Amino acid sequence: MSPIDNQGRIRTQALALIRQDDRILVERCRDDVKDEWFHRLLGGTVEFGERSADTVRRELLEELGTEVDVGRLEATIENIFTFEGAPGHEICLVYECSLRDERLYGLDEWRAEEMTPDGPLTHEIAWKPVDSFRSDGEILYPDELVGLLSV
């Protein structure tokens with residue numbers, strides 16, 4: 001699904017902040033218009049009538065094929081951005097989470113396949129050090145997230 005709502009509406013996103021020591025679990029994404037690779041927390045759009053914590057559970061089950069334990073709400077971030085040349089506006093609810101499948105903590109990076117109505121969608125998943133977004137030039141969106149992360 002595109003991160004842009006083409007109807008000009010604000011979307012509510014529920015995102016999972018999953019930590020392992022000094023690293024966080026992210027998805028690698030691409031904006032072809034900007035010619036830019038970036039990272040984003042896993043999660044997705046809250047559906048009407050769905051609680052945001054349930055969105056995180058549903059999205060990670062769809063994206064990674066695993067269940068998560070959802071903890072406290074860590075942050076609410078308003079994100080106004082451009083993706084693939086189109087404007088976007090979202091409210092991101094960031095939850096502290098943990099993976100129930102302990103094996104995933106032992107991987108550095110992997111590809112996870114999600115079945116969507118449009119066919120399979122591959123997610124490039126990785127554990128990235130928080131410092132890589134501060135000093136190594138790696139990009140993490142929304143921008144405000146980097147400032148909220150503490151090791």
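The values are calculated or read from the model by the stated rules, or taken from the named source; none is laboratory data. Since we're looking at a predicted model, the values are computed, not measured. Backbone-built Cβ (ideal geometry, glycine too); neighbour counts: all protein chains shown. Surface accessibility is based on the protein's heavy atoms, side chains included, excluding ligands, DNA and RNA. Shrake-Rupley method; radii C 1.70, N 1.55, O 1.52, S 1.80 Å.
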For the chain, built as a Gaussian network whose Cα springs stay under 10 Å, the top-fluctuating residue of Leu17, Leu41, Leu104: Leu104
How many nm is it between the label spots at Glu144 and Glu78, if each spot is 7 Å from the Cα in line with the beta carbon? 0.8
Taking a label point 7 Å from the Cα of Arg134 along the Cα→Cβ vector, which residues of region 8-32 have an amide N closer than 14 Å to it? 22-24
Can you pull out the trypsin sites (Lys or Arg not before Pro) in region 58-123 that DSSP calls coil and that have at most 12 other Cβ atoms within 10 Å? Arg100
Go through Lys128, Lys34 and list them by solvent-accessible area, largest first, probe radius 1.4 Å. Lys34, Lys128
Please compute the modelled spin-label separation between Met115 and Cys29, points set 7 Å along Cα→Cβ, answer in nm with one decimal. 2.5
I need to check one value: relative contact order of region 5-151, counting alpha carbon pairs closer than 8 Å and at least 6 residues apart, in percent. 29
Largest first, what is the accessible-area ranking of Arg40, Arg9 with a 1.4 Å probe? Arg9, Arg40
Go ahead and set up a Gaussian network model of the chain, Cα springs under 10 Å, then flag whichever of Ala16, Ala86, Ala126 fluctuates most. Ala86
Highest GNM mean-square fluctuation among Val56, Val33, Val130, for the chain with Cα springs under 10 Å, belongs to Val33
MRE, 222 nm, helices only [DSSP H, n ≥ 4, -39500 (n - 2.57), over the chain, to nearest 500]: -3500 deg cm²/dmol
From a point 7 Å beyond the Cα of Glu36 in the direction of its Cβ, which residues of region 109-144 have a backbone N at a distance under 14 Å? 137-144
Exposed-loop-free span, longest in the chain, where GluC sites (Glu not before Pro) count as exposed if DSSP calls them loop and at most 15 other C-beta atoms lie within 10 Å: 85-151
Per DSSP, loop chymotrypsin sites (Phe, Trp or Tyr not before Pro) in region 27-96 with at most 10 further Cβ within 10 Å: Phe48
